[in-house]
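Chemist: Encoded as structure tokens, here's the structure I'll be asking about.
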Amino acid sequence: QKEVEQDPGPLSVPEGAIVSLNCTYSNSAFQYFMWYRQYSRKGPELLMYTYSSGNKEDGRFTAQVDKSSKYISLFIRDSQPSDSATYLCAMSDSSGSARQLTFGSGTQLTVLP
Amino acid sequence: NAGVTQTPKFRVLKTGQSMTLLCAQDMNHEYMYWYRQDPGMGLRLIHYSVGEGTTAKGEVPDGYNVSRLKKQNFLLGLESAAPSQTSVYFCASRQSGGFTGELFFGEGSRLTVL
């Protein structure tokens, strides 16, 4: 079993839809939870991060962490064609180890105009 | 300010050939990483470095070697390429200390081994 599981999609939605992207994990030591966005043929870039449980909002994006269920989500409101990308969740523990992050496999999202 | 630059961006090799991928960053970051990205597998860490002159193994190090002779450069070498090494390779860097989650990635190097 992978430490981090992510539905690969692909996910296709109409413009303006609410999108929910999800990851589950098995390592209870994970404390930091990140979402990276990767456009086609580009490198990933950090979109949002949260520490421990709770919600964090940034414009149209909301990141949610439920540590009791080992489940994290990224919600995109009023989705736009420019949101079309692959979204990768990533997690790390609190040790600060340079070995860094454990990534999900990514969900490919297409927002249709 | 270029960030993280990878060269070459594309390369085709025959089985058994060798090659080196170069990563250069201009952000004065201490930590540098090499990942490979394959469909359904996500990003997997090959090797990393916590500073000039240091290297360490990641999750999938076999078949690869690395060197960090200068702080701004991190080289990934394939001594005898195999078809299983066909992948997209990403270099990343970050500051030491503080929040560990923000990696800065290059645009990737697409390698095909025939």
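Chemist: Please pick out the residue among B:112, B:15 that is in a loop (DSSP other than H, G, I, E, B), modelled with pLDDT of 95 or more and either more than 9 Å from chain A (Cβ to nearest Cβ) or touching a Ser or Thr at 6+ places or on another chain (Cβ under 6 Å) (or both).
Modeler: Answer to the check: B:15.
So that you can scan it fast, the table gives a plain yes or no per residue for (1) within 17 Å of residue B:5 (Cα to Cα); (2) within 12 Å of the chain's Cα centre (by Cα); (3) not aromatic (Phe, Trp, Tyr):
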residue: B:54; (1), (2), (3): no, no, yes
residue: B:61; (1), (2), (3): no, yes, yes
residue: B:66; (1), (2), (3): yes, yes, yes
residue: B:70; (1), (2), (3): yes, no, yes
residue: B:79; (1), (2), (3): no, no, yes
residue: B:84; (1), (2), (3): no, no, yes
residue: B:95; (1), (2), (3): yes, no, yes
residue: B:106; (1), (2), (3): yes, yes, yes
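Chemist: Assess whether residue A:101 counts as being farther than 15 Å from residue A:25 by Cβ, open to solvent by 10 Å² or more (accessible area, probe 1.4 Å) and either within 11 Å of another protein chain (Cβ to nearest Cβ) or over 11 Å from the mean Cα position of the chain (by Cα) (or both). Step through it out loud before you land on a result.
Modeler: Details: farther than 15 Å from residue A:25 by Cβ: no; open to solvent by 10 Å² or more (accessible area, probe 1.4 Å): yes; either within 11 Å of another protein chain (Cβ to nearest Cβ) or over 11 Å from the mean Cα position of the chain (by Cα) (or both): yes.
No.
Chemist: Hey, residue A:29 hits all of (1) out of contact with any Phe, Trp or Tyr (no Cβ under 9 Å at 6 or more places or on another chain); (2) under 12 Å from residue A:76 (Cβ atoms); (3) in contact (Cβ under 8 Å) with a residue 12 or more places away in the chain; (4) open to solvent by 30 Å² or more (accessible area, probe 1.4 Å) but one; which does it fall short on?
Modeler: (2)
Chemist: Then there's this: Can you tell me how many residues within the range B:56-66 are in a loop (DSSP other than H, G, I, E, B), surrounded by fewer than 18 Cβ atoms within 10 Å (Cβ to Cβ) and either in contact with a Ser or Thr (Cβ under 7 Å, 6 or more places away or on another chain) or within 11 Å of another protein chain (Cβ to nearest Cβ) (or both)?
Modeler: 1
Chemist: Can you pull out the residues in the range B:27-52 that are among the charged types (D, E, K, R) and assigned to a strand (DSSP E or B)?
Modeler: First, the residues of the range B:27-52 that are among the charged types (D, E, K, R): B:30, B:36, B:38, B:44, B:52.
B:36, B:38, B:44, listed by residue number.
The values are calculated or read from the model by the stated rules, or taken from the named source; none is laboratory data. Being a predicted model, the structure only gives us computed values, none of them experimental. All Cβ positions, glycine included, derive from the backbone under ideal geometry; neighbour counts span all protein chains shown. Areas reflect the complete protein model, heavy atoms only, side chains present, ligands, DNA and RNA absent. Shrake-Rupley method; radii C 1.70, N 1.55, O 1.52, S 1.80 Å.
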